[in-house]
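To keep things clear, I will list the structure first and then write my remarks on it.
All of the numbers you see were taken from the coordinates with simple rules; none came from a lab. None of the values given here were measured: they were computed from a predicted structure. A quick note on method: Cβ atoms are made from the backbone with ideal geometry, for glycine too, and the neighbour counts reach across all protein chains shown.
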Amino acid sequence: MSDTEVAIEEQQILEEEEQLALVYNGFTDLPADLIAESGSVKLFNKWSFEDVEIKDISLTDYIQIRGAVYLPHSAGRYASKRFRKAQCPIIERLTNSLMMNGRNNGKKLKAVRIVKHALEIIHLLTDQNPLQVVVDAIINTGPREDSTRIGSSGTVRRQAVDVSPLRRVNQAIALLTIGAREASFRNIKTIAECLAEELINAGKGSSNSYAIKKKDELERVAKSNR
């Protein structure tokens, strides 16, 4: 073999190793032609993340929809470091929040099925991208103002405080899932139907939503403690 042929072979081996490295890095830096061939990543292979808009600029960094995923089940260690959960896909956070109450702990596949069914119901009822409805619901149900206890034991008073963007998202997700869970308890409706109804009402800002009612109540109490 001549020196030129050896150099060409070495170059080919290097390129193959680079491709393998890209694959093992989680497909983050794949070449443009491969990305175009595979198409965009869609949730449950149905709903696109690309056209979803976050209408509240303050929550842009805390509602994670830019990292598209096929399933809301990444098995990521988001609780090991402070604020890392802000990078967790927002649909996965909603799914995790459904696994509340002792009997539901750890049943992630059941939660994923519930979310998938709820998103399909939302799509049928509203004819919108259900991801947009979920994002709007979270923006509408995060309380902007809350009250905290001030003072040591004895004289305790409540003081109104602003709520940070991350806590707004946390509380919104919690209120939405609590509302869905309470609505489905001792009811003929399934949890997926109740979750879909809760998200649609919250997305529209309707007072029929449990989360919207709770948010208004928290803000009303805070206003009286200014």
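Inter-part distance, the range 66-83 to the range 129-143, computed on C-alpha centroids, equals 19 Å.
In vacuum, with every alpha carbon of the range 62-151 counted as one equal point scatterer, what does the Debye formula give for log10 I(q)/I(0) at q = 0.14 Å⁻¹? Two decimals, please. Once normalised to I(0) and log-transformed, intensities are -0.60.
Listed peptides 91-97, 135-141 appear in the order 135-141, 91-97 once ranked by packing, highest mean of other Cβ atoms within 10 Å at the front. Pick out, from Val69, Val134, Gly205, the residue whose Cα sits farthest towards the positive end of the charge dipole of the chain, with +1 on the Cβ of Lys and Arg and -1 on the Cβ of Asp and Glu. Positive-end residue among those listed: Gly205.
Report the local net charge at Asn101: Lys and Arg +1, Asp and Glu -1, summed over other residues whose C-beta lies under 14 Å from its C-beta.
Combined, the nearby Lys, Arg, Asp and Glu give +3.
The H on the amide N of Val161, modeled in the peptide plane, is under 5 Å from the matching H of Asp146, Ser147, Thr148, each at least 5 residues off or on a different chain. For the chain, modelled as a GNM with alpha-carbon contacts under 10 angstrom, which of Ala196, Ala160, Ala75 fluctuates the most? For the chain, modelled as a Gaussian network with Cα springs under 10 Å, the answer is Ala75. Which entries in the list Lys46/Lys107; Lys55/Lys189; Lys55/Lys213; Lys55/Lys85 go over 28 Å, if you measure between the two C-alpha atoms of each? The answer is Lys55/Lys189. Dipole size of the chain about its Cα centre, with +1 on Lys/Arg Cβ and -1 on Asp/Glu Cβ: approximately 2720 debye, rounded to the nearest 20.
Here Phe49, Phe185 are placed in order of increasing Cβ neighbour count within 10 Å, fewest first, which gives Phe185, Phe49. Kirkwood radius for the chain, taken over all pairs of different Cα atoms as the inverse mean of 1/r, rounds to 20.1 Å. Treating r as the C-beta distance of Asp127 and Asp61 and R0 as 41 Å, the FRET efficiency rounds to 0.85.
Residues whose amide H comes within less than 5 Å of that of Gln64, counting only those at least five positions distant or on another chain, are Ile90 (H built at 1.01 Å from N in the peptide plane). For the range 119-226, a simple Cβ point-charge model (Lys and Arg +1, Asp and Glu -1, everything else neutral) yields a dipole of about 660 debye relative to the Cα centre.
Dividing the mean sequence gap of close Cα pairs (under 8 Å, 6+ apart) by how many residues the chain holds gives a relative contact order of 17 percent. Label sites at Ser40 and Gln11, each approximated as a point 7 angstrom past Cα along Cα to Cβ, lie 3.6 nm apart.
Taking only Cα atoms and a 10 Å spring cutoff, compute GNM fluctuations for the chain and point out the largest among Gln12, Gln87, Gln128. Maximum among the listed residues: Gln12. Percent relative contact order of the range 181-224, based on C-alpha pairs within less than 8 angstrom and at least six residues apart? Relative contact order, the range 181-224: 21 percent.
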